[in-house]
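Comments concern the structure below.
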Amino acid sequence: MTVAAQGVGATPRPEARPRSVRVAELVRAALYLLESEGPGALTMRNLADAVGIRAPSIYKHFDGKSALEVALMEDGLFGMGDALHAALADPDPADPVSSLLHAYRSEASLHPNLYRLTTSSAFPRADLPEGLEDWAGEPFFLVTGERHRSQALWAFAHGTMILELDDRFVDGSDLDLTWRAGAAAFGGARGRPRRSR
(Lines give C-alpha, C1' and ligand atoms only; values in the text may rest on other atoms or scores of the structure.)
Protein backbone atom coordinates (compact mmCIF):
# COMPACT_ATOMS: atom_id res chain seq x y z
CA MET A 1 0.00 0.00 0.00
CA THR A 2 1.54 3.29 -0.99
CA VAL A 3 0.83 6.55 0.75
CA ALA A 4 0.24 9.24 -1.83
CA ALA A 5 1.04 12.87 -1.15
CA GLN A 6 -2.36 14.29 -1.96
CA GLY A 7 -3.74 17.73 -1.33
CA VAL A 8 -6.18 18.53 1.45
CA GLY A 9 -9.21 16.29 1.37
CA ALA A 10 -9.70 12.81 0.02
CA THR A 11 -9.53 11.87 -3.63
CA PRO A 12 -12.54 10.13 -5.16
CA ARG A 13 -12.90 6.39 -4.66
CA PRO A 14 -11.61 4.56 -7.75
CA GLU A 15 -14.04 2.57 -9.86
CA ALA A 16 -14.16 -1.14 -9.12
CA ARG A 17 -13.89 -3.32 -12.19
CA PRO A 18 -17.22 -4.84 -13.18
CA ARG A 19 -17.66 -8.53 -12.40
CA SER A 20 -20.07 -11.07 -13.77
CA VAL A 21 -22.29 -12.91 -11.31
CA ARG A 22 -20.08 -16.00 -11.67
CA VAL A 23 -16.83 -14.09 -11.08
CA ALA A 24 -18.30 -12.43 -7.99
CA GLU A 25 -19.38 -15.87 -6.73
CA LEU A 26 -15.90 -17.28 -7.31
CA VAL A 27 -14.20 -14.41 -5.50
CA ARG A 28 -16.56 -14.76 -2.51
CA ALA A 29 -15.91 -18.50 -2.36
CA ALA A 30 -12.15 -17.90 -2.66
CA LEU A 31 -12.26 -15.43 0.23
CA TYR A 32 -14.13 -17.98 2.33
CA LEU A 33 -11.53 -20.66 1.57
CA LEU A 34 -8.68 -18.26 2.28
CA GLU A 35 -10.07 -17.14 5.63
CA SER A 36 -11.51 -20.43 6.86
CA GLU A 37 -8.76 -22.83 5.78
CA GLY A 38 -5.72 -20.64 5.11
CA PRO A 39 -3.66 -19.77 2.03
CA GLY A 40 -2.74 -23.39 1.30
CA ALA A 41 -6.40 -24.21 0.71
CA LEU A 42 -6.76 -21.57 -2.00
CA THR A 43 -6.38 -23.80 -5.05
CA MET A 44 -8.41 -23.92 -8.24
CA ARG A 45 -9.51 -27.46 -7.42
CA ASN A 46 -10.74 -26.51 -3.94
CA LEU A 47 -12.47 -23.44 -5.32
CA ALA A 48 -14.20 -25.53 -7.99
CA ASP A 49 -15.37 -27.99 -5.35
CA ALA A 50 -16.67 -25.13 -3.20
CA VAL A 51 -18.88 -23.77 -5.96
CA GLY A 52 -19.81 -27.14 -7.50
CA ILE A 53 -18.07 -26.88 -10.86
CA ARG A 54 -15.09 -28.58 -12.52
CA ALA A 55 -11.72 -26.89 -12.01
CA PRO A 56 -11.12 -26.22 -15.75
CA SER A 57 -14.31 -24.12 -15.80
CA ILE A 58 -12.68 -21.57 -13.51
CA TYR A 59 -10.17 -20.77 -16.27
CA LYS A 60 -13.03 -19.31 -18.31
CA HIS A 61 -13.09 -16.53 -15.71
CA PHE A 62 -9.49 -16.32 -14.42
CA ASP A 63 -6.24 -16.95 -16.28
CA GLY A 64 -4.87 -18.69 -13.22
CA LYS A 65 -4.50 -18.51 -9.48
CA SER A 66 -2.54 -15.26 -9.66
CA ALA A 67 -5.48 -13.54 -11.42
CA LEU A 68 -7.80 -14.80 -8.70
CA GLU A 69 -5.42 -13.42 -6.07
CA VAL A 70 -5.43 -10.04 -7.83
CA ALA A 71 -9.23 -9.96 -7.53
CA LEU A 72 -8.95 -10.78 -3.83
CA MET A 73 -6.31 -8.07 -3.34
CA GLU A 74 -8.56 -5.59 -5.12
CA ASP A 75 -11.34 -6.40 -2.65
CA GLY A 76 -8.87 -6.18 0.23
CA LEU A 77 -7.71 -2.72 -0.81
CA PHE A 78 -11.26 -1.47 -1.35
CA GLY A 79 -12.29 -2.86 2.05
CA MET A 80 -9.35 -1.28 3.83
CA GLY A 81 -9.69 2.00 1.96
CA ASP A 82 -13.41 2.20 2.74
CA ALA A 83 -12.77 1.53 6.43
CA LEU A 84 -9.98 4.12 6.69
CA HIS A 85 -11.81 6.83 4.76
CA ALA A 86 -14.93 6.21 6.89
CA ALA A 87 -12.83 6.54 10.05
CA LEU A 88 -11.64 9.96 8.89
CA ALA A 89 -15.11 11.06 7.83
CA ASP A 90 -16.08 11.12 11.52
CA PRO A 91 -12.88 10.85 13.58
CA ASP A 92 -12.28 11.62 17.21
CA PRO A 93 -11.46 15.33 16.68
CA ALA A 94 -8.80 15.24 19.39
CA ASP A 95 -7.24 12.03 18.12
CA PRO A 96 -7.71 11.27 14.39
CA VAL A 97 -4.62 9.03 14.31
CA SER A 98 -6.21 6.71 16.86
CA SER A 99 -9.42 6.67 14.81
CA LEU A 100 -7.40 5.66 11.75
CA LEU A 101 -5.39 2.98 13.55
CA HIS A 102 -8.51 1.53 15.18
CA ALA A 103 -10.14 1.17 11.75
CA TYR A 104 -6.96 -0.35 10.28
CA ARG A 105 -6.63 -2.89 13.06
CA SER A 106 -10.33 -3.79 12.93
CA GLU A 107 -10.38 -4.30 9.15
CA ALA A 108 -7.19 -6.38 9.14
CA SER A 109 -8.45 -8.50 12.04
CA LEU A 110 -11.72 -9.15 10.22
CA HIS A 111 -9.92 -10.79 7.27
CA PRO A 112 -6.41 -11.69 8.48
CA ASN A 113 -5.45 -13.96 5.58
CA LEU A 114 -6.72 -11.45 3.02
CA TYR A 115 -4.71 -8.81 4.86
CA ARG A 116 -1.59 -10.96 4.61
CA LEU A 117 -2.19 -11.65 0.92
CA THR A 118 -2.70 -7.95 0.18
CA THR A 119 0.24 -6.62 2.17
CA SER A 120 2.83 -9.38 2.49
CA SER A 121 3.12 -10.98 -0.91
CA ALA A 122 4.41 -9.95 -4.33
CA PHE A 123 2.21 -7.00 -5.14
CA PRO A 124 0.67 -6.86 -8.65
CA ARG A 125 0.47 -3.06 -8.75
CA ALA A 126 0.08 -2.91 -12.55
CA ASP A 127 -2.86 -5.34 -12.49
CA LEU A 128 -4.99 -3.35 -10.04
CA PRO A 129 -7.47 -0.58 -10.90
CA GLU A 130 -5.66 2.70 -11.48
CA GLY A 131 -5.33 4.76 -8.31
CA LEU A 132 -6.65 2.06 -5.96
CA GLU A 133 -3.49 1.54 -3.96
CA ASP A 134 -2.89 5.28 -3.52
CA TRP A 135 -6.53 5.90 -2.54
CA ALA A 136 -6.49 3.08 0.03
CA GLY A 137 -3.33 4.48 1.66
CA GLU A 138 -4.25 8.15 1.39
CA PRO A 139 -5.83 8.40 4.88
CA PHE A 140 -2.36 7.99 6.40
CA PHE A 141 -1.31 11.15 4.56
CA LEU A 142 -4.52 12.94 5.50
CA VAL A 143 -3.88 12.47 9.25
CA THR A 144 -0.18 13.32 9.14
CA GLY A 145 0.02 15.90 6.36
CA GLU A 146 3.48 14.76 5.31
CA ARG A 147 4.52 11.94 2.97
CA HIS A 148 7.39 10.40 4.96
CA ARG A 149 5.57 10.67 8.27
CA SER A 150 2.55 8.99 6.69
CA GLN A 151 4.74 6.17 5.39
CA ALA A 152 6.23 5.76 8.87
CA LEU A 153 2.74 5.61 10.37
CA TRP A 154 1.69 2.95 7.85
CA ALA A 155 4.88 0.99 8.59
CA PHE A 156 4.02 1.07 12.30
CA ALA A 157 0.45 -0.05 11.61
CA HIS A 158 1.45 -2.83 9.22
CA GLY A 159 4.33 -4.12 11.34
CA THR A 160 2.26 -4.11 14.51
CA MET A 161 -0.65 -5.80 12.72
CA ILE A 162 1.48 -8.60 11.27
CA LEU A 163 3.12 -9.23 14.64
CA GLU A 164 -0.29 -9.30 16.30
CA LEU A 165 -1.77 -11.68 13.71
CA ASP A 166 1.24 -13.97 13.97
CA ASP A 167 1.13 -13.89 17.81
CA ARG A 168 4.73 -12.69 17.95
CA PHE A 169 4.47 -10.27 20.86
CA VAL A 170 5.82 -11.36 24.25
CA ASP A 171 3.27 -13.14 26.45
CA GLY A 172 1.38 -10.66 28.59
CA SER A 173 1.78 -7.77 26.14
CA ASP A 174 -1.06 -5.26 26.29
CA LEU A 175 -1.60 -4.71 22.57
CA ASP A 176 -4.27 -2.08 23.08
CA LEU A 177 -1.62 -0.09 24.91
CA THR A 178 0.88 -0.75 22.10
CA TRP A 179 -1.53 0.63 19.50
CA ARG A 180 -2.25 3.66 21.70
CA ALA A 181 1.48 4.28 22.10
CA GLY A 182 1.85 4.28 18.32
CA ALA A 183 -0.99 6.75 17.98
CA ALA A 184 0.64 8.98 20.60
CA ALA A 185 4.01 8.80 18.84
CA PHE A 186 2.44 9.96 15.58
CA GLY A 187 0.51 12.84 17.07
CA GLY A 188 -2.58 10.97 18.16
CA ALA A 189 -3.46 10.57 21.79
CA ARG A 190 -1.65 13.16 23.87
CA GLY A 191 0.36 12.15 26.88
CA ARG A 192 0.81 8.68 28.22
CA PRO A 193 -1.38 5.96 26.68
CA ARG A 194 -4.12 4.66 28.98
CA ARG A 195 -3.81 1.07 30.15
CA SER A 196 -6.60 -1.16 28.90
CA ARG A 197 -8.96 -2.61 31.48
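The values are calculated or read from the model by the stated rules, or taken from the named source; none is laboratory data. Quick caveat, the model's predicted, so the values are computed rather than measured. Don't worry about glycine lacking a Cβ; one is built from the backbone with ideal geometry, like all the others, and counts go over all protein chains shown.
Beta carbons closer than 7 Å, at least 6 apart along the sequence or on distinct chains, pair a first residue in segment 119-135 that is in contact (Cβ under 8 Å) with a residue 12 or more places away in the chain with a second that is loosely packed, with under 13 Cβ neighbours inside 10 Å and charged (D, E, K, R) for 129/15; 129/17; 133/125.
For segment 49-64, a residue qualifies if it is closer than 19 Å to residue 18 by Cα and in contact with a helix residue (DSSP H, G or I) (Cβ under 9 Å, 6 or more places away or on another chain), and the qualifying residues are 58, 59, 60, 61, 62, 64. Residue 69 passes every criterion in (1) charged (D, E, K, R); (2) under 19 Å from residue 124 (Cα atoms); (3) modelled with pLDDT under 95 apart from (3). In this structure, residue 107 does satisfy being of a type in the set (Asp, Glu) and out of contact with any Pro (no Cβ under 8 Å at 6 or more places or on another chain).
If you check 71, 87 for being surrounded by 14 or more Cβ atoms within 10 Å (Cβ to Cβ) and over 27 Å from residue 183 (Cα atoms), only one passes: 71. Of the residues making up segment 143-179, those that are among the aliphatic types (A, V, I, L, M), more than 17 Å from the chain's Cα centre (by Cα) and surrounded by fewer than 21 Cβ atoms within 10 Å (Cβ to Cβ) are 170, 175, 177. Among the residues making up segment 8-22, a single one is buried (at least 17 other Cβ atoms within 10 Å of the Cβ) and closer than 19 Å to residue 118 by Cβ: 14. Here 143, 170 are screened, and the one residue that is of a type outside the set (Asp, Glu) and within 25 Å of residue 13 (Cβ to Cβ) is 143. The set of residues in segment 128-161 that are of a type outside the set (Asp, Glu), closer than 14 Å to residue 80 by Cβ and in a helix (DSSP H, G or I) comprises 132, 135, 136, 137, 139, 140, 154, 157, 158, 161. Restricting segment 37-52 to residues that are hydrophobic (A, V, I, L, M, F, W, C) and under 13 Å from residue 64 (Cα atoms) leaves a set whose member that is nearest to the chain's Cα centre (by Cα) is 42. Only one entry in 26, 47, 100 is of a type outside the set (Lys, Arg) and under 30 Å from residue 154 (Cα atoms), namely 100. Exactly one residue out of 184, 108 is without any contact (Cβ under 8 Å) to a residue 12 or more places away in the chain and surrounded by 15 or more Cβ atoms within 10 Å (Cβ to Cβ), and it is 184.
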